[in-house]
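A short worksheet on the structure shown next.
The values are calculated or read from the model by the stated rules, or taken from the named source; none is laboratory data. Please read all numbers here as calculations on a predicted model, not as lab measurements. Areas reflect the complete protein model, heavy atoms only, side chains present, ligands, DNA and RNA absent. Shrake-Rupley method; radii C 1.70, N 1.55, O 1.52, S 1.80 Å.
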Amino acid sequence: MPKLSPDTPFLHPDVQAVNCTFGAYVEIGQGSRLQNTTFEDYAYCDRLADIANTTVGRFSNIAALTRIGPTDHPFTHAAQHHFLYRSSYYWDDVTDDPHFFAARAARRTTLGADCWIGHGAIIKPEVTVGIGAIVASGAVVTRDVAPFAIVAGVPAAPIRSRFTPQVIDRLLALSWWNWDHTRLRAALADFRNLKAEEFLERYGG
């Protein structure tokens, strides 16, 4: 495992990143493909993640072989093939369709802080996954996911919440994911050893 940097993202081999920004302590897994995406501080993805038009929140955990913000086709038209919008691939006298690409890029997906996206999950465009939520392996997420909810299935549906409503409210109020690097280090032993309720009692959430 590399030592991560506050200044430069760690990109494993064969990463493709187009129009992306990266915060501190970010890691991108081998062979991942990223487009029009922001990785906030401490977020990472494992190998072969395919992520487009997405804001990846702080401390987001993204497993391998995931697809987030997948691009779509013009299925309301007579044809839905690439030739409609990647037209320059097929003819010398026409350009690609800028309006289609602009509309596609505007359909943002948002991952909340410290969410966990399981292996092989798919999260559709314009979906928000809440803070601390868990998306089970293989799930296809077509609707917003509440903070700290666990969802699974195709299409994904809520299984349960990680915590009681009272604990969720206290975690959201504490917002440890906004702490600075020094404060996180100071609390590391408690993050490791205390359950959420005990952590909240100690840190006043």
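Remark: the range 64-70, residue by residue, has Karplus-estimated 3J(HN,Hα) of 6, 6, 8, 10, 10, x, x Hz, where x stands for each Gly or Pro and the curve is 6.51 cos²θ - 1.76 cosθ + 1.60 at θ = phi - 60°. Starting from the Cα gyration tensor of the range 43-112, take the square roots of the eigenvalues, sort them a ≥ b ≥ c, and report rounded, prolate or oblate (rounded when a/c is under 1.5, otherwise prolate if a/b is larger than b/c, else oblate). Taking the square roots of the gyration eigenvalues as a ≥ b ≥ c, the range 43-112 is prolate. Among the DSSP helices (H) of the chain, none spans at least 15 angstrom by Cα along its long axis with an average Kyte-Doolittle hydropathy of 1.6 or more; this is a geometric and hydropathy rule only. Taking amide H positions as modeled 1.01 Å from N, with prolines and chain starts lacking one, the residues under 5 Å from Ile123 and 5 or more places away or on another chain are Arg67, Ile68, Gly69, Val141. Amide hydrogen proximity for Ile159: with H placed 1.01 Å from N in the peptide plane, the residues at 5 or more positions away or on another chain lying under 5 Å are Ile150, Val151, Ala152. Note on exposure: Glu197, Glu27, Glu126 ranked by accessible area (1.4 Å probe, complete protein assembly) read Glu126, Glu197, Glu27, with the most exposed listed first. Normalised by the number of residues in the chain, the average gap of Cα pairs under 8 Å and 6 or more apart makes the relative contact order 11 percent. Over the chain, dividing the summed -39,500 (n - 2.57) contributions of all DSSP H runs of at least 4 residues by the number of residues returns a 222 nm mean residue ellipticity of -5000 deg cm²/dmol. 3J(HN,Hα) couplings calculated from phi for the range 18-26 with the Karplus curve 6.51 cos²θ - 1.76 cosθ + 1.60 (θ = phi - 60°) are, in sequence order, 10, 6, 10, 10, 9, x, 7, 6, 9 Hz; Gly and Pro show x.
All C-alpha to C-alpha distances of the range 81-205, sorted into 10 Å bins beginning at zero, yield P(r) values of 12, 30, 24, 18, 9, 6, 1 percent in whole numbers.
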